[in-house]
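Enquirer: Got a structure here, written out as structure tokens. Questions coming.
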Amino acid sequence: MASAEAVAEYKGSCHCQAICYSVELPSLFSQLETISCDCSYCRISGSLLTFVDGIKFYQGGEVLKEYRFGSHTIQIFFCGACGANVYNRSINPKWRYGKIALNVRLLHDVDPEMVKITKVHGRNVQLPPLAENST
């Protein structure tokens, strides 16, 4: 988050509420940058993503499950009970390393219709492979 922006804390949870968390986002939704990705996973899950500096889990962080596909360079974290996609994180040092993409649809009191959504053609992105261990 840029320090010049006014921020507010928002709470979110998965569908079954086994996982509950909070994040800081711009207090004006017009400043919230949200993407709709058309990669095979995001298209099926219906995720709308915004990048956050961190997530504070106050319930259920331990029940998150991880999934990877394709180049295996994006960690997809979802609820092990209801399957809701909570967030994604890049582990590829050559592409958005460490960035957290939070699913906006799981935030309470945030209407996705009120944010600007940018379409991203993730299906066309060729992520660089992770360096293989030489053993």
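Enquirer: Is the shape of the stretch 7-120 rounded, prolate or oblate, going by the alpha carbon gyration tensor and its root eigenvalues a ≥ b ≥ c, with a/c under 1.5 for rounded and a/b larger than b/c for prolate?
Expert: Values: a/c = 1.45, a/b = 1.10, b/c = 1.31.
In terms of gyration-tensor shape, rounded.
Enquirer: Also, I was wondering about something else. From a point 7 Å beyond the Cα of Cys82 in the direction of its Cβ, which residues of the stretch 12-48 have a backbone N at a distance under 12 Å?
Expert: In the stretch 12-48, the label zone of Cys82 (backbone N under 12 Å from the point 7 Å along Cα→Cβ) covers 12-21.
Enquirer: Right, here's the next one. With a Förster radius of 41 Å, plug the Cβ-Cβ distance of His72 and Leu28 into 1/(1 + (r/R0)^6) and report the FRET value to the nearest 0.05.
Expert: On the way: r = 37 Å, r/R0 = 0.89.
For R0 = 41 Å, the calculated efficiency reads 0.65.
Enquirer: Nearest 0.05, what FRET efficiency do Asp38 and Gln59 give at R0 = 25 Å with Cβ-Cβ as r?
Expert: Here the calculated transfer efficiency is 0.20.
Enquirer: So which chymotrypsin sites (Phe, Trp or Tyr not before Pro) in the stretch 14-88 end up in coil per DSSP with only 16 or fewer other C-beta atoms within 10 Å?
Expert: Details: sites: Tyr21, Phe29, Tyr41, Phe51, Phe57, Tyr58, Tyr67, Phe69, Phe77, Phe78, Tyr87; in loops: Phe69.
In loop regions of the stretch 14-88 (DSSP not H, G, I, E or B), the sparsely surrounded chymotrypsin sites (Phe, Trp or Tyr not before Pro) are Phe69.
Enquirer: Residue by residue, what Karplus-based ³J(HN,Hα) values in Hz, rounded to whole numbers, does the stretch 21-26 have, using 6.51, -1.76 and 1.60 with θ = phi - 60° and x for Gly and Pro?
Expert: Karplus values, whole Hz, x for Gly and Pro: 7, 9, 9, 9, 9, x.
Enquirer: Calculate one ³J(HN,Hα) per residue across the stretch 6-11 by plugging θ = phi - 60° into the Karplus curve 6.51 cos²θ - 1.76 cosθ + 1.60, and present them in order as whole Hz with x for glycine and proline.
Expert: With the stated coefficients, the stretch 6-11 comes to 7, 10, 9, 8, 10, 9 Hz.
Coordinate-derived values only; no laboratory data. The shown structure was predicted, so the numbers you read here are calculated from the model rather than taken from an experiment. Note: ideal-geometry Cβ built from the backbone for every residue, glycine included; neighbour counts use all protein chains shown.
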